[in-house]
Amino acid sequence: MTVNKRSKQNKAVNKSRKKILMTRLYVLIVLAVILLIIAGIGAFVTPNDPYKINAIMMKKAPSSEFIFGTDSYGRCVCSRVLAGAGMTIYGALFLVISTATVGTVLGTICGYYGGVVDTVIMRITDLMLAFPQMVLAIAVAGLAGGGLWNAILALGISGWTLYCRLVRSRVMSIKHESYILAARLSGCSDLKIIVSYILPMIVGSVVVNAVTQIGTSIIWIAGLSFLGIGVRAPQAEWGSMINEARGAMQLAPWAVIAPCAAIFITVTVFNCMGDTVRDIAD
Amino acid sequence: MIPLYIGISFLTFLLVYVTPGDAAEKKLSSQGVALSQETLDAAREKMGLNRPFIVQYGDWFFSVLRGDLGDSLKDGRPVAEKVMAPFGRTMILSLLTLAVSLTLAFAAAFLSVLRKSGFFDRVMRVISFIFNSLPGFVVSVLLMYLFCIRINAFPVISNGSAKGMVLPVLSLALPLSARFFRQFRSEMLEEVSKHYVSEMKMRGLKDFTIMTRSILRGAAAPIITIVGLSFGTLLGGSVVIETIFSYPGIGKLAMDAISDRDYTVVQGFVLICATVYSLVNLGTDIVYSVLDPRVKTDEKNN
C-alpha cells in the first residue's frame, strides 16, 4: 500500500520535473536559434564596417557610434563581434554534425558487421584516444598552416571516435534483439535493417552527445584561432579578436571584454542546452 | 601497449611527412645557405629525405627508441635536448594545476553532496557552470586584466618564479576544477543513491561517517579515471596558457616551432605529449583495477 503510494508520488514528481526540463529546453532552443540567426546575418547588419581601419578612432571607449568601442586599429568592436559570430558558431556546428555523422556511420558498420573492419576501426579509435585531442589539433592545424577548414579538420580527426564507440556498443546490444532477427528472417536486407530498425533506436543518444559537444567545439575553434592557427587574422573571429586586443588591454579593455562576453554567452546557452537534453534523456 | 606505441609513433611521423613544405629547404634557409637545386638535392640526400617512406619511418622510430628525436631544423640542436627543460617546466605547471583543482573540486563536491540541494550546493553548481563555459584563454585574459592591470599584483610574463606561477596555474585550474566538481559530484551522488547507504543511515551512522568511510571509497575508482583523462586536456590547455603568459614550457616551445615551421620540434612535442598521456592512462587503469577488482574479473569473464 505505502509502496504503491510512494511510487505514484515518484511518478508525479518525475512528471513535473520532466515538464520543467522541457520548458527549459524550449527556452534554450529559442535562445540558441536567436544566436544562430545573429550569427547567420551578423556579418550583413553590422553598425559599421568591421574591417575599416580608422587611424583617428583608435582605442576609443564605447560611444553611441561604436557601442563596444574600437580596437587598436580603430575598427568597430561591436561590428567585429557580429561579423565573427558566424565563423565560430557555424564552424562548431559543422564540426559537431560532421564528426557525429562519420562516427555514427563507422560505428554502425563496426557494431553490425564486426570482424576485420571492426577490429581495424577500433584500433584506429584507440590510437586517436592515445593523443590528447587539443595537442593533436594544435599540431595538425599548425602544420597545415591555419584557416577555418584546417582547424575543423584538425579537431575532427579525433572527434569522431566518441560517436563511433558509442554507436558501436549500442548497435552491438540491439542487433541481437528478437525483432531484428524477425526482420532478417522475413528477408530484409542489411541496409534496410540498419536504416529502419537500428538507426532510429540510437539516433537519440547520438543527438544527446552531439548537443553536449557544441559548447566545447566553440571553445576549441575559438582557442585555435586565439593561438593564430584557426581562422586567419584579418577575418573577424572571437578567439583571434581576443588575441589581437590583449596587447592593448590596458588602454582598450572593451576590445577584449566584448568577444570574451560573446564566447561566454554562446557557450553558456549551448552548454545549458546540452545539460538539459541529457537530463531529459536520463 | 607496444602496438599502440608503434601506432602513436607512426601517426606522429605521418603528421609531419604529409605536411606541405620541405624540411631540407627549411633547414637550408635557416642556416643562410643560398637555395639552389644542387644544395637542395645535397641536403635532401644528407637528411635521407630521398629514401622510401617506410625506411625513413623505421630509421626515425629506432632513433626515437634510443632517445634521439632528430635535430631542430631551426638551430640544429638535438630536439630531445631542446625539449627536456621546457617539458619539466610544463610538468611542474600541470602537476600544480592538478593539485589545486583536485583540492578545490574535491572539497567542494564533498560539501555539496553532504547537503544536496542546500545553499552551498546551489552556489557551487552555478559557479562551476560559469567556469565550465569559459575557455582557459578567456579566464587567463580576464585574470590578467584584473590582477596585472587593475591591481598590479602579479607579473604579466611568467618566467617560472613562484609569483609568476599563480596566474597560469589559476587560469588552468579554474575551468578544470569546475569540470572536476561536476563529475565528482555526480559520481558521489550515484554512490549515495545505492542501497547500502540507506541501510547505513537506518543503522544510525552519521552522514559524515558514511561519506568518509564508504562513499569516498566507492567513488574513488571512477574519480581516478576522470583525473587521468583530464591530463590530456591539461596538456592541450597548457599550450594556450603558456603562450599567453610566455611561460617557457613545452607548449610555448611548440607554438614557436609551429610559427618557425620547425617540424622536428613539433613532432617531438606531439610524441612526448602522447607518450605521457598514454602512460598516465595506463597508470590510472592499474590503480583502477586495484581499487575496483571487479574490472579485472569482468575482463577475464569476457
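The numbers here are math on the coordinates, done by the rules we state, and not lab data. Not measured: the values here are computed from a predicted model. Here the Cβ positions follow ideal geometry from the backbone for every residue, glycine too, while neighbour counts run over all protein chains shown.
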Considering only B:Leu28, B:Gly283, B:Ser9, whose Cα is most displaced toward the positive end of the charge dipole of chain B, charges sitting on Cβ of Lys, Arg (+1) and Asp, Glu (-1)?
-> B:Gly283
Between A:Pro62, A:Pro253, A:Pro234, find the one with the highest GNM mean-square fluctuation for chain A; connect C-alpha pairs within less than 10 Å.
-> A:Pro234
Length-normalised contact order for region A:34-150 - Cα pairs under 8 Å, 6+ apart - percent | 20
Magnitude of the Cβ-charge dipole (Lys and Arg +1, Asp and Glu -1) of the protein assembly as shown about the Cα centre, nearest 20 debye, reported as 2500
A chain fully extended from B:Leu111 to B:Ala85 at 0.36 nm per residue, minus the present Cα-Cα distance, gains in nm 5.4 nm
Using helices alone, what [θ] at 222 nm do you get for the protein assembly as shown, with -39,500 (n - 2.57) per DSSP H run of 4 or more residues, divided over all residues and rounded to the nearest 500?
-> -25000 deg cm²/dmol
B:Val18 to B:Arg122: extension gain in nm, 0.36 nm per residue of separation minus the Cα-Cα distance?
-> 32.4 nm
Modelled FRET efficiency - R0 35 Å, B:Thr39 with B:Leu96, Cβ distances, 0.05 increments | 0.15
Compute the length gained on full extension between B:Tyr57 and B:Arg150: take 0.36 nm times their separation in residues and subtract their Cα-Cα distance, giving the result in nm to one decimal.
-> 28.3 nm
What order do you get for B:226-234, B:262-270, B:36-44, A:169-177 when each peptide is scored by the mean count of other beta carbon atoms within 10 Å, highest first?
-> B:262-270, B:226-234, A:169-177, B:36-44
Sort B:Ile8, A:Ile265, B:Ile2 so that the residue with the fewest other Cβ atoms within 10 Å of its own Cβ comes first and the one with the most comes last.
-> B:Ile2, A:Ile265, B:Ile8
Any idea what the relative contact order of chain B is, in percent, if you count C-alpha pairs under 8 Å spaced at least 6 apart?
-> 23
Using only the alpha-carbon atoms of the protein assembly as shown, report the extent along each of the three principal axes, biggest first, to the nearest angstrom.
-> 92, 64, 53
Net dipole in debye of chain A [+1 Lys, Arg Cβ; -1 Asp, Glu Cβ; about Cα centre; nearest 20] | 1120
What residue among B:Ser140, B:Ser193, B:Ser246 shows peak mean-square fluctuation when chain B is described by a Gaussian network model with Cα springs under 10 Å?
-> B:Ser193
In terms of modelled amide H atoms, which long-range or inter-chain residues lie less than 5 Å from the amide H of B:Leu73?
-> B:Tyr263, B:Thr264, B:Val265
How well do other chains shield peptide B:231-238, expressed as the mean number of their Cβ atoms within 10 Å of each residue Cβ?
-> 5
Debye intensity ratio I(q)/I(0), log10, region B:87-260, q values 0.16, 0.17, 0.19, 0.20 Å⁻¹ (C-alpha model) = -0.92, -1.00, -1.15, -1.23
Calculated FRET value between B:Ala220 and A:Val45, using beta carbons and R₀ = 60 Å, to 0.05 | 0.65
Quick one: plug the Kirkwood hydrodynamic radius of region A:93-241 (C-alpha pairs) into Stokes-Einstein at 20 °C, 1.002 mPa s, and report D in µm²/s.
-> 129
Pop the C-beta distance of B:Glu25 and B:Val290 into the FRET formula with R0 = 30 Å and round what comes out to the nearest 0.05.
-> 0.05
Label point 7 Å beyond Cα of A:Ala281 along Cβ direction - residues of region A:145-189 with amide nitrogen under 19 Å | A:159-175
